[in-house]
1. What is the P(r) of segment 33-87, as percent of Cα-Cα pairs per 10 Å bin from 0?
2. When ligands, DNA and RNA are left out and all protein chains stay put, how many square angstrom of accessible area per residue does segment 20-125 have with a 1.4 Å probe?
3. Less than 14 Å Cβ to Cβ from Lys109, Lys/Arg counted +1 and Asp/Glu -1: what total charge do the surrounding residues give?
4. Could you run the Debye sum over the Cα atoms of the chain, one equal point scatterer each and no solvent, and tell me log10 of I(q)/I(0) at q = 0.23 Å⁻¹, two decimals?
5. Output needed: Cys residues of the chain lacking any neighbouring Cys C-beta below 4.7 Å, sorted by number.
6. Across the chain, where is the longest run that never hits GluC sites (Glu not before Pro) in a DSSP loop with at most 16 other C-beta atoms within 10 Å?
7. 5 Å is the cut-off here: which amide hydrogens, built 1.01 Å from N in the peptide plane, fall below it relative to Thr91, excluding neighbours closer than 5 in sequence?
8. List, in order, the whole-Hz ³J(HN,Hα) value for each residue of segment 72-78 obtained from phi through the Karplus relation with A = 6.51, B = -1.76, C = 1.60 and θ = phi - 60°; use x for Gly and Pro.
Amino acid sequence: QVQLVESGGGLVQPGGSLRLSCAASGFALDYYAISWFRRAPGKEREGVGCIDMTDNNTYVEDSVKGRFTISRDNAENTVYLQMDSLKTEDTAVYSCAAGVFYCSNDVPKTLYDYWGQGTQVTVSS
């Protein structure tokens, strides 16, 4: 059973926080880069950020810089997306994907080996 499963989504008020998890089963995340994506209502999927496969350097898009943080816990075979100071425009389905590469803003889709199904994040007052 080879899977990536996201969890931790929910409903929060503007300014609130959530921590999303991307947990792997059937393979080890140690040697994979993990990207986070989101798809907002009426929009195409967009990249959120990435953590490198070896040095664990992280990258996030300008729209979430200073608010979102990506981290890895290899013992738990899990990558996290900590989201603080959430805004209504952050409302989206968030998903993760794994591949063997170093993070960049133009990673070919074919380099991703595994994809999760997504978890809903709703930011509303």
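1. 23, 52, 23, 2
2. On a per-residue basis, segment 20-125 sits at 52 Å².
3. Spelling it out: positives minus negatives among the neighbours equals -3.
4. Reported log10 I(q)/I(0), two decimals: -1.44.
5. None; all cysteines have another Cys Cβ under 4.7 Å.
6. For GluC sites (Glu not before Pro) (loop position, at most 16 other Cβ atoms within 10 Å), the longest site-free span of the chain is 62-125.
7. It is Val123, by chain and number.
8. 10, 10, 5, 4, 9, 6, 9
The values are calculated or read from the model by the stated rules, or taken from the named source; none is laboratory data. Please read these numbers as outputs of a predicted model, since none were measured by experiment. Glycine gets a Cβ as well: all are built from the backbone with ideal geometry, and neighbour counts include every protein chain shown. For the accessible areas, the whole protein counts, side chains as well, though only heavy atoms, and no ligand, DNA or RNA atoms are used. Shrake-Rupley method; radii C 1.70, N 1.55, O 1.52, S 1.80 Å.
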